[in-house]
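Encoded as structure tokens, the structure appears first; notes follow it.
Where a number appears in this text, it was derived from the coordinates with a stated rule and is not lab data. In this text the structure is predicted, and so the values were computed from the model without any measurement. Cβ atoms come from the backbone with ideal geometry, glycine included; neighbour counts cover every protein chain shown.
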Amino acid sequence: MMAHSLRPHTMDGHMVIYKNVLHHYANSLPKWFLETIGVWVSMLNRCDYCVEHHFLALDDC
């Protein structure tokens, strides 16, 4: 997310990928698995906001 802070319009492309990977209706992987991967990748990227976002989404699974 910090990478987009200086050029916010680049967030549009990020969101398209994000929505297709995690929220597309044709996903065959369970949502809990995708969100767990989201937590892991966010931890690797050291994005506390993203870790919290994906961790909270696990409650909806």
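As a length-normalised measure over Cα pairs under 8 Å and 6 or more apart, the relative contact order of the chain settles at 26 percent. In this Cβ point-charge picture (+1 for Lys and Arg, -1 for Asp and Glu), the chain has a dipole of about 220 debye about its Cα centre.
Taking the chain as a whole, the Cys residues whose C-beta sits 4.7 Å or farther from every other Cys C-beta are CYS61.
Phi-derived couplings, Karplus 6.51 cos²θ - 1.76 cosθ + 1.60 at θ = phi - 60°, listed residue by residue for region 11-19: 5, 4, x, 4, 5, 4, 5, 4, 5 Hz, with x used for Gly and Pro.
Estimated from helices alone, the mean residue ellipticity of the chain at 222 nm is -18500 deg cm²/dmol (sum of -39500 (n - 2.57) over DSSP H runs with n ≥ 4, per residue). Looking at the square roots a ≥ b ≥ c of the eigenvalues of the Cα gyration tensor of the chain, which shape do they give, rounded for a/c under 1.5, prolate if a/b is larger than b/c, or oblate? Oblate, because a/c is 1.5 or more while a/b does not exceed b/c.
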